[in-house]
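A short worksheet on the structure shown next.
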Amino acid sequence: MANIEYTSKSLVPFEEKMKKTISVLKSDFQTIRAGRANPRVLDNVSVSYYGVDTPLNQVANIQVPEARMLMITPWDKTLLKELERAVQASNLGINPMNDGQSLRLVFPPLTEERRQELTRDVSQMGEDSKVAVRNIRREAIDLYKKYLKDSDISENLYYTVEADIQKLTDRYVELVDLAVSEKNEELMEI
């Protein structure tokens, strides 16, 4: 009995997974535009470059000259038309302006309806992240249940571990809620 040693570092692998969930959520939030131009909205846009689908940011320079404008300057000017098609096909709802050297994307102010829609999307992403955090909790608890069943840990230790896992889960669920509320505030700013 008590073959498994439980230390403060025992839950680190599970905490790392929870941190990664928060990191992915925040990264996903950056692709949602909130009234001001952010080059990250183009992260999922790719262009055919010599027959290979290539992320837009690997074939062009993306700048933010004004609060609601992105300027895309391709390193190879022959790509300009292809970039324009890729941006139009990307579902950003923006028509690029081609000046022969670069593309300008002017982001219109978000309508109230669009803001509401985006806050629903953000809330759904938050819920998905909470589910991921809870699944990590389930994985940790299942592991320690197995240890208990195999008589590798005592019942007292199991309940201590379970409480620690729950505290960890609660902390990361709060971080998800905080990230969601911050993004929703940003979206509702006019």
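Every number here is computed from the coordinates shown, using simple stated rules; none is lab data. The structure displayed is predicted, hence computed values, not measured ones. Heads up, the Cβs are rebuilt from the backbone with ideal geometry, glycines too, and the neighbour counts pull from every protein chain shown.
Just a few scattered comments:
- For Arg68, distant residues with modelled amide H under 5 Å away: Ala37
- Label separation (Asn95 vs Glu189): 3.0 nm, computed from points 7 Å beyond Cα along the C-beta direction.
- Potential lengthening between Asn3 and Glu16 on full extension [0.36 nm per residue; Cα-Cα distance subtracted]: 2.3 nm
- For the range 39-106, the spread of Cα coordinates along the three principal axes comes to 33, 23, 17 Å, biggest extent given first.
- Once the Cα-Cα distance is subtracted from the 0.36 nm per residue extended length, the Arg40 to Gln124 segment shows a gain of 28.3 nm.
- Listed by chain and number, the lysines whose alpha-carbon sits under 17 Å from that of Lys183, ignoring those within fewer than 8 places in the same chain, are Lys26, Lys130.
- Fewest-first sequence of Ser151, Ser90 by Cβ atoms within 10 Å of each Cβ: Ser151, Ser90
- Helix-derived mean residue ellipticity, 222 nm - over the chain, DSSP H n ≥ 4, -39500 (n - 2.57), to 500: -19000 deg cm²/dmol
- Gaussian network model of the chain, Cα within-10 Å springs - most flexible of Val106, Val52, Val24: Val52
- Mean shadow area of the chain, taken as a quarter of the surface of its Cα convex hull (nm²): 14.1 nm²
- Taking every alpha-carbon pair under 8 Å whose residues sit at least 6 apart, the chain reaches a relative contact order of 25 percent.
- Here the range 149-190 is scanned for amide nitrogen atoms under 20 Å from the site 7 Å beyond the Cα of Glu112 along Cα-to-Cβ, giving 184-190.
- Taking a straight Cα-Cα cut-off under 13 Å and skipping sequence neighbours fewer than 8 places away in the same chain, the aspartates and glutamates within cross-link reach of Lys77 are Asp99.
- Here is the list for the range 46-99: chymotrypsin sites (Phe, Trp or Tyr not before Pro) lying in DSSP coil, each with at most 12 other C-beta atoms within 10 angstrom of its C-beta, are Tyr50, Trp75.
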